[in-house]
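We did not get these values from a lab; they are worked out from the coordinates using the rules stated. The shown structure was predicted, so the numbers you read here are calculated from the model rather than taken from an experiment. Because the Cβ atoms are built from the backbone with ideal geometry, glycine has one as well, and the counts that use them run over all protein chains shown.
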Amino acid sequence: MAPLLTMHGIDKSFAGIPALRSAELVVEKGEVHALIGQNGAGKSTLIKILTGYYKKDAGGIVFDGRPVAFTSPQEAHAAGISTIYQEINLVPYRSVTENICLGREKRRFGLLDWPAMHAEARSLLARFNMDIDVRRPLVAYSTAVQQMVAIARAIGFDAKLVIMDEPTSSLNEREVEVLFGVIHQLKAAGIAVIFVSHKLDELYAVCDRVTIMRDGRTVQVAPMSELSRLDLVTTMLGRELSQALHEARATGEAARDGREPVLAVGSLAVGRKVRDVDFEVRPGEIVGLAGLLGAGRTESARAVFGVDRPESGTIRFTGTENAIAEPSDAIRGGMGFCSEDRKLEGIIPDMSVRENLTLALMPHLARRGIVDEARSREIVDRFIKRLGIRCSGPEQRIRELSGGNQQKVLLARWLCMNPKLLILDEPTRGIDVGAKAEILNLVRELAGHGLGVLMISSELEEVVEAASRIFVLRDGRTVAELTGGAVNEQAVMAAMAHGHDVREAAHR
């Protein structure tokens with residue numbers, strides 16, 4: 001039987017920089033096929049060429065038995081290819097039904113048949129065990145519900161191939177299980193799925209085969225069952241994983257001893273989510289804030305940075321208490337904050353790498369309203385090189401960069417300010433294993449030079465690997481401080497679950 005999709009010899013360059021070089025992708029009918037690689041490896045470019053968003057420079061595509069060269073996503077959609085993007089691409093102020101039926105509305109006697117469309121929307125969402133009012137605007141629902149609506153819309157078409165780009169990034173554990181059930185339904189119906197994810201557990205749970213990309217090339221295609229996790233990651237990176245994260249905890253502990261905290265938070269209360277939070281960060285130390293969703297981690301960080309005003313408690317930064325009334329005070333004092341939502345609160349997508357990188361520094365680069373362009377170029381070039389930001393040049397729009405490289409630009413935005421404290425809220429969300437390792441190694445290096453780092457991450461393994469000390473939050477309160485041998489996933493999970501300090505238990 002011929003494959004459903006064959007892409008062969010695909011080339012694509014942007015501004016003379018190769019993004020794809022003889023890339024290959026073959027997907028069988030009714031299979032779940034993983035497409036993985038570091039950020040910048042070429043996955044998104046390959047998908048955008050398939051769906052008509054980009055025009056290929058060379059190569060051929062055969063879909064469902066015939067050569068194709070789609071000129072728009074709509075054309076690909078009409079041919080039977082549905083795509084679910086990581087960034088939800090729907091109309092927020094239209095109803096759930098309108099979003100699901102957009103482009104294929106049902107009509108009766110020339111008028112929209114709302115009862116039929118509402119019924120179809122409910123039927124599709126029922127596959128996800130969702131029972132919501134489909135007449136309400138999409139914006140009225142959580143991000144997770146919106147993601148499920150996007151998936152329901154994609155499978156509502158007569159699709160032969162469904163492309164899922166990081167579909168679980170906004171879903172909780174139960175919702176992920178439901179999604180996997182739908183993927184198995186699609187497979188049983190003979191519909192193929194291209195599954196893009198940086199989460200290895202998900203790949204092994206649902207995927208039959210994997211295509212691994214690196215530097216714009218297809219470097220391996222194999223059944224998932226024949227690749228160990230180490231082989232998969234090593235092939236993706238093209239090198240052995242760095243061991244720096246495992247070696248530097250002693251450095252962090254040594255940095256903490258005998259030095260005054262750069263940040264000390266005591267009995268902090270903010271709104272309804274933060275009621276009694278305590279933690280501190282010393283120069284040269286990476287401190288993790290751990291906790292379940294809603295524990296108050298991000299809210300505490302926002303209060304420290306002056307985004308939200310505390311109702312009570314103390315925030316002592318560089319020896320001065322409660323001096324931060326707004327973010328500009330924090331920035332002037334030497335604090336940086338990489339927020340949780342890179343797309344919404346971090347980058348300015350239509351601005352260049354240079355403009356995004358120097359955004360916070362701009363007041364220091366201008367005299368009498370005139371920007372020192374030479375100094376700006378020197379700083380930007382230095383940090384592009386120092387952080388290994390992969391771009392065609394400083395003037396490339398940041399939206400064209402991979403997620404990992406966008407995150408590096410945001411790190412550079414604060415590092416060029418020579419901060420004393422850097423707050424990182426979910427610094428590796430939505431980026432692949434290789435980019436994660438690069439960013440976390442960079443954070444370790446920065447801490448080794450005396451920078452205090454407060455790190456929030458929902459991935460326990462990441463917090464445990466990076467931090468020399470972890471404060472665990474539960475229901476808006478600090479319930480445990482873990483150091484030394486107590487910094488392990490079991491101790492953190494026990495503190496999250498039971499709400500008490502388990503350092504002694506962790507040593508038994």
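Over the chain, what is the relative contact order in whole percent, taking alpha-carbon pairs under 8 Å and six or more residues apart?
On the way: 1012 pairs, mean separation 78.5, N = 508.
Answer for the chain is 15 percent.
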Problem set entry | Pairwise label distance in nanometres, Ala188 with Arg390, each label 7 Å out on the Cα-Cβ vector | 3.9 nm
Exercise. Between rounded, prolate and oblate, where does region 5-69 land on the alpha carbon gyration tensor, with a ≥ b ≥ c its root eigenvalues, rounded for a/c under 1.5, else prolate if a/b exceeds b/c?
Worked result: oblate
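From the square roots a ≥ b ≥ c of the eigenvalues of the alpha-carbon gyration tensor of region 75-120, which class results: rounded (a/c under 1.5), prolate (a/b over b/c), or oblate? Could the numbers behind the result be given before it?
Details: a/c = 2.69, a/b = 1.44, b/c = 1.87.
Oblate is the answer for region 75-120, as a/c is 1.5 or above yet b/c matches or exceeds a/b.
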Problem set entry | FRET efficiency, Arg382 to His8 (Cβ-Cβ, R0 35 Å, nearest 0.05) | 0.30
Exercise. How do the peptides 352-359, 2-9 rank, highest first, by the average count of neighbouring beta carbon atoms within 10 Å per residue?
Worked result: 352-359, 2-9
Seminar exercise, completed: In degrees, nearest 10, the alpha-carbon axis of helix 373-387 is tilted away from the dominant principal axis of the alpha carbons of the chain by 80 degrees
For this session: Using only the alpha carbons of the chain, determine the length spanned along each of the three principal axes and report them from longest to shortest in whole angstroms.
Result: 71, 55, 50
For this session: Give me the angle, in degrees from 0 to 90, between the Cα long axis of helix 403-415 and the longest principal axis of the Cα atoms of the chain, rounded to the nearest 10.
Result: 20 degrees
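Determine, for each peptide in 209-218, 141-150, the mean count of other beta carbons within 10 angstrom over its residues, then list the peptides with the highest first. The partial results should precede the final answer.
Details: 209-218: 20.7, 141-150: 19.1.
Listed from highest to lowest mean packing, they are 209-218, 141-150.
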Exercise. Cross-link list Lys55/Lys160; Lys12/Lys55; Lys29/Lys106: which exceed 19 angstrom alpha carbon to alpha carbon?
Worked result: Lys55/Lys160; Lys29/Lys106
Seminar exercise, completed: Under the Karplus relation with 6.51, -1.76 and 1.60 and θ = phi - 60°, whole-Hz ³J(HN,Hα) for region 2-18, x at Gly and Pro, equal 5, x, 5, 9, 9, 10, 9, x, 7, 10, 7, 10, 10, 6, x, 9, x
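Order 336-343, 60-67, 306-313 from most to least packed using the mean count of other Cβ atoms within 10 Å.
Details: 336-343: 18.9, 60-67: 13.5, 306-313: 16.5.
The peptides rank, most packed first, as 336-343, 306-313, 60-67.
Would region 117-220 count as rounded, prolate or oblate if I go by the C-alpha gyration tensor, calling it rounded below 1.5 in a/c and otherwise prolate when a/b exceeds b/c, oblate otherwise?
Cα axes put region 117-220 in the prolate bin.
Treating only the Cβ of Lys, Arg, Asp and Glu as charged (+1, +1, -1, -1), what charge dipole size does the chain show about its Cα centre? Round to the nearest 20 debye. It would help to have the intermediate numbers written out before the result.
On the way: 63 positive and 66 negative charges, 229 e Å.
Its charge dipole is roughly 1100 debye.
Using just the helices of the chain, give the 222 nm mean residue ellipticity in deg cm²/dmol: DSSP H runs with n ≥ 4 each add -39,500 (n - 2.57), and the total is spread over all residues, rounded to 500.
Numbers: 20 runs with 182 residues, N = 508.
Using -39500 (n - 2.57) per qualifying helix, the result is -10000 deg cm²/dmol.
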